[in-house]
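Have a look at the structure below before the remarks.
No lab work stands behind these numbers, since they all come straight from the coordinates. Note that the structure is predicted; figures quoted are calculated from it, not measured. Here the Cβ positions follow ideal geometry from the backbone for every residue, glycine too, while neighbour counts run over all protein chains shown.
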Amino acid sequence: MEATREIYWNIGHGVVIPMYILAFAAFGVLAWGFWKRMPVWRQGKALDRFDRYDERVKRLIAEVFSQEKIFRIKDGGIFHSLFFWGFLILFAGTMLVMVQADFLTPLMHVNLLSGEFYKAFSLVLDLAGLVSLGMLSGLVVRRFVIRPKGLEIVRDDYIVLLLLFVILATGFFLEGARMAATELRQNPQLALFSPIGLLAAKLMASMSMDTLLITHKALWWFHFILVLAFFCAIPFTKLRHILTTSTNAFLAPLEPKGSIATINLEDESVEQFGAAAITDLTWKDLFDTDACTSCKRCQDRCPAYATDKPLSPMKVIKQIGELAEGNPSGNLIETVSQDALWSCTTCRACQDVCPANIEHVNKILEMRRNLTLMEGAFPGDEVRTAVSNIEVNGNPFGLAYAARGEWADCLDVTTMESGEEVDILYFVGCYASFDKRNQQVAKHFITICKAAGIKIGILGKEEKCCGEPLRKLGNEYLYQMMAQENIELIKGYGVKRIVTTCPHCFNTLSRDYKDLGLDIPVEHYSTFLSRLIADERLRLKPESFNFTYHDSCYLGRYMDIIDQPRSILKAAGGHITEMDKSGYDSFCCSAGGGRILAEEKLGSKISEARVAMAQETGAALLVSNCPFCLTMFEDGIKTGGAEGHLQVRDLAEIVAERIVV
Amino acid sequence: MKLLVCIKQVPDLESRFKPNAEGVWYNETDLAWRMNEYDEYAVEQAVQLREKQGDGAELTVLSIGPDRVVEAIKKALAMGADKAAHIQDPAAAAKDPWQIASIIAAYAKDKGFDVIFTGMQSQDRGSAQVGVTVAEQLGYTCTTTIVGFEYDNGNITAKRELEGGIKGVVKLKTPALVTCQLGLNVPRYPTLPNIMKAKKKEITTIPVSDLLKEDAMATTASFHPPAKKGGGIVLEGDVGTLVDQLIAILKDKTAVLR
C-alpha cells in the first residue's frame, strides 16, 4: 500500500473554509495586537534602521535560523535552539500539508506527501516533535525546578510553557488516534515511520473505533484552537519575542560597535540634551524593551551587577518598557536611579551576549548625557575635580599640561612641533604621559619602535586628553572641545597614521573622531606590533614565561582584537593559562565608562574580583594592554591581598625585554 | 536689584612658574588659566542671590585683563551672570591692588550695585586687598572671608571664618561688598543650555585707560624662586641633650608638636 495519508481524514473537507476563516481571524488578532503596540514605540524619536536593507535581511535570516546567539550560552541555550528547530520543522511540515491539501491536490493533482518522501516527512516531523517536547520539558525543569539565580518567573511563563506543552502533546495524541484507527490496522510498516505517534497509538489501541474517531476529532479541533490561541497570544505575552526578537536582528545597528550619536552642538534650536523621559529615547530603544525576554544573560555578565552595585542591564530595559507602556511622562532617570546609571563601565558585555540585539549601553549614555549636560551632575566630587582638571590642563590629574611630554625627555623622541618628518604619530594619552606606572609602558613602546626602525613623533605638551572618559560620563560638550583641539593639531601636522597604547584613545580616535572630521588610520599597538613581527621588522628572542591574559573590553569586545596580543605573547615565549572569562567573555577591570576618574563606593571592588579570577588560573603573571586595566590591577592586587602572589605587566614591557636588535 | 561679581583669571597652580624677563612677575608661557577659585564661590553666591530675586535682578560679572580673561568671563555667564564687563588691560598683572580696586570702583560708582561679591584673595598674588579697598572707595559696608550668606530685603547676615575655626556672624545693610571663602557653597557645573545661552550674553569691553586714574602705591621689587636651603643638621652629644635639642627644633621649625 502506498505510503501516504488522507488529509482531513475523519475531519472532512468541509472543515477547510471555517478553518481558514478562523485562521485569518487569529492572524487578524495577531496583527491587531502589534498594531495596538506601535503607538508605544512611536513615542520615541526618529531613527533610520531601514537602510542597507539587504544586509539587514541577510543578518536576520542568518541569526534567527542558526540560533548562534542563543546556544552561545549552553545553559538554556541548547534547549531553546533545539526546541526552535523542532518547532520550526513542525511548522514547516504543517505548512506543507496545507500546501498539499489546498493547492497541490486540487489544482495540480500532485501528491507530494507520498512514497519515500512521505516516510521521511513522517519520521522527521515525529522526531522534531519529540525533540521539541523533550527540550520544552528541559526548559520547564530549568525554570521551575533548578531555578537559576536571577531568573524571574512571571504569569506569562506559566501560560506559554503550558500552551506549548499541550499543543505538542495533543499533536502526538491526535496522530496516535489517527494511526490507531488507520495505519495500525492497514499499514503497520508505515507506522514505524512515526515512532512517537506509534507509541501514542499503542496506548489507544484498545479503544473502540467509535471512541477513536470521536477522540481524534476532538483532539484535532482542540489542537487547532490551541494553535490559534498561540497565534493570538503572541502580541500579548512573552511569545511576542518570536517576532520582536527576530525583528531586532534586522533593526540592529550596522555602524561599527560602540558608535555613539554625535550631538550637533552648533544647532541652537536644541534645548534638551540626553534622555530624561522615554520620549527622549528613540523608537528603537522602546522597541528593544519588547524584544527583551528577561533571559538575564546581560545581568549575568554585568561586572557591576556581579559586585553588588544597583545596576542590572536587564532591569534598566524592563524599567524603560514599563514607563513606555504605563507612565510615559514619568521621570526616566529617577526610575532607573543615578547610582545604577553611574555604575556602568560601558564594558559592553551585556550587549555582546544579548541574543535579542538589544542596545543597553547607549541608553545609559543618553541618560548620563541628561544628568551631565542638563543638571551638571557627577557621580562624585572627585569626578567633578577630574573633569575640571581636564578642562584646565587637558588631563584628569590636574598636572601642568606643559609637562605632558616630559616622560620622553631622555629618549630622543621627535615632538611634532619641531617640524621633523615622522613615520607615525604616537598618541600617548593621559595615563602614559603622567602616571608613573604607565610611563614605563610608553617608554618601552618607544624602545620597541626604535628597534624596528620606526620614527615616532609625539604631540608632547600640545596633546590633550582624547576626551573619552568625558564622553562616556555624558559630557559631550567638553569631549567635543577636547576632540576638536586634538583633531586640528593632528590635521595641521599632516599626520598620516596614528598608533596608541591605550584602547580608549584607540576607539575614540579611530571611530568617534570620524564624526568630527578625522579620517586617518589609527591602530592600537597590539596589532601594530603584530604586523611588525610578521614583517620581521621586529624580532623577538623568546624567553619562556607562564601567564594569564586579560582582554580589555575596549580591545576585545569593541574591536575584536583577541588573537593578536596572544600571538605576540606566544612569540615572546609565553605559555598562557586562560581565565574562564576570557576573549569576548572577558570581565571588565572597572575603569571604563569614565569610571577611571571615580571612586568605587558601592558594592565590592570589580578589580579585586578580576584579580581573583587571574589568581585562579595559577599563573603568577597577569598581562594586559590597557593603561586603565594596568592601573586597576596594580590597585586590585594590593587591596585584594594578592601582592607577592600575582604580578601585572603590560604587553609592551614583555616585548621590550625580548627584542633582538 | 543690581549685583556685581568681580573675578580674576589666574594661572592653574600646578603650572611651573618662572620669573618673567623683568623679574617682577611670572612668565606667561606654558601656563594653563582658570577662574580664581575664591571667585568661583563669589559667582555661585551671586547667581544664587540673583535667582532668588527673580526677574527684577541683574548680575554683572567684571574682570580685568587681556583677551584671554574672556574665557573666565564666559564661565561666569554660563553659571548664571546676565552680562559682563571686560576691562581690557594687557598689563593687568603689573598693577597693584590699589589700582585694581580703583578701576573696579571707577566702573561701579555710578551703577548703583546693591551687593558686590568678590573672592577673598587671588591665588597668584594673594594680597586679599582688592575687595575691601573697592568697598572703601565706594563707601559700601564690607565683610570678608564669608562662609555663609543670607539676604533679606536689604539686610545681609554673613557668617565669617575666623582663626582657629571660629565663626563670626556679621549683619550688614546694602549697599555692601562681601569677599568669599572656601566653604561658602559648591559652585555649580554649568549646564550645556546655559553654556549655549552664555554665548549670546553681552560682554562690554572697556579699555582700562578709561577707568584707571591712580598710580600704584606698591611696586613689586622681585619675583624669584625661594633660595635653596642647606642640607640637614647633624646633632651631636649625649642622648639627654640631643633629645632636648630635637624637641626644640621640632617645636620651632615644624608643626609636628604643639
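Some points to look at:
- Degrees, to the nearest 10: B:239-253 long Cα axis against longest axis of chain B: 20
- FRET efficiency, A:Leu203 to A:Ala62 (Cβ-Cβ, R0 35 Å, nearest 0.05): 0.25
- Using only the C-alpha atoms, the convex hull of the range A:278-375 corresponds to 86 Å³ per residue.
- Normalised contact order of chain B, rounded percent, pairs of Cα under 8 Å and 6 or more residues apart: 23
- DSSP beta bridge pairing in chain A, given as percent antiparallel to the nearest 5: 15
- Distances between placed amide hydrogens fall under 5 Å for B:Gln181 paired with B:Ile146, all partners being 5 or more residues away or on another chain.
- The residue list A:Cys302, A:Gln319, A:Leu341 was ranked by how far each Cα lies along the charge dipole of the range A:278-375 toward its positive end, using unit charges on Cβ atoms, and A:Cys302 comes out on top.
- Relative contact order for the range A:381-530: 23 percent, from Cα pairs under 8 Å spaced at least 6 residues apart, divided by residue count.
- Residue-span extension gain [A:Lys217 to A:Glu322] - 0.36 nm each, minus C-alpha spacing: 33.5 nm
- For the range A:538-660, fraction of C-alpha pairs farther apart than 25 Å, in %: 20
- Percent of C-alpha pairs per 10 Å bin, the range A:381-530, short to long: 12, 45, 36, 7, 0
- The mean of 1/r over all pairs of different alpha-carbon atoms in the range B:2-210, once inverted, gives a Kirkwood hydrodynamic radius of 17.2 Å.
- The calculated FRET efficiency for B:Lys201 paired with A:Ile520, based on their beta-carbon distance and R0 = 41 Å, is about 0.60.
- Peptides ranked, highest mean first, by Cβ atoms within 10 Å: ranges A:599-611, A:253-265: A:599-611, A:253-265
- Rounded to 10°, Cα long-axis angle of helix A:74-99 versus longest principal axis of chain A: 40
- Taking B:Asp124, B:Asp30, B:Asp89 as the candidate residues, the one with maximal mean-square fluctuation in a Gaussian network model of chain B, Cα springs under 10 Å, is B:Asp30.
- Counting only aspartates and glutamates at least 8 places from B:Lys171 when in the same chain, those with an alpha carbon closer than 19 Å to its own are B:Asp114, B:Glu136, B:Glu150, B:Asp152, B:Glu161.
- Of all lysines in the structure, the ones whose alpha carbon falls short of 19 Å from that of A:Lys202, not counting any fewer than 8 places away in one chain, are A:Lys217.
- Long-range amide H partners of A:Val648 with built H, under 5 Å: A:Leu622
- Over the range A:164-292, all Cα pairs binned in 5 Å intervals from 0 give whole-percent P(r) values of 2, 9, 12, 12, 10, 8, 7, 7, 6, 6, 5, 5, 4, 3, 2, 1, 0, listed from short to long.
- Within 10 Å of the Cβ of each residue in A:470-479, the mean number of Cβ atoms contributed by other protein chains is 1.
- Listed peptides B:212-223, A:303-314 by packing density, highest first (mean Cβ within 10 Å): A:303-314, B:212-223
- Student exercise, the range B:105-220 dipole from Lys, Arg, Asp, Glu Cβ charges, in Debye to nearest 20: 460
- Sorted on the mean count of surrounding Cβ atoms within 10 Å across their residues, most packed first, peptides A:95-101, A:228-234 read A:228-234, A:95-101.
- Average beta-carbon neighbours from other chains, 10 Å sphere, peptide A:264-272: 2
- Look at the stretch B:190-202: the mean tally of other chain Cβ atoms within 10 Å of its residues' Cβ atoms is 4.
- More than 37 angstrom apart: percent of Cα pairs within chain A: 48
- Helix B:37-53 vs. chain B, principal-axis angle (Cα, 0 to 90°, nearest 10): 30
- Computing FRET efficiency as 1/(1 + (r/R0)^6) for A:Asp102 and A:Asp563, where r is the C-beta to C-beta distance and R0 is 60 Å, gives about 0.65.
- The range A:507-584 shape via C-alpha gyration tensor axes, a/c threshold 1.5: oblate
- Only one residue of A:Ala403, B:Thr141, A:Gly641 has its Cα farthest out toward the positive end of the dipole of the protein assembly as shown, where Lys and Arg carry +1 and Asp and Glu -1 on Cβ, and that residue is A:Gly641.
- Chain A, relative contact order [Cα under 8 Å, separation at least 6], %: 12
- Calculated mean residue ellipticity at 222 nm for the protein assembly as shown: -14000 deg cm²/dmol, from DSSP H runs with n ≥ 4 weighted as -39500 (n - 2.57), summed, divided by the residue count and rounded to 500.
- Cα-Cα pairs of the range B:137-258 separated by more than 21 Å (percent): 74
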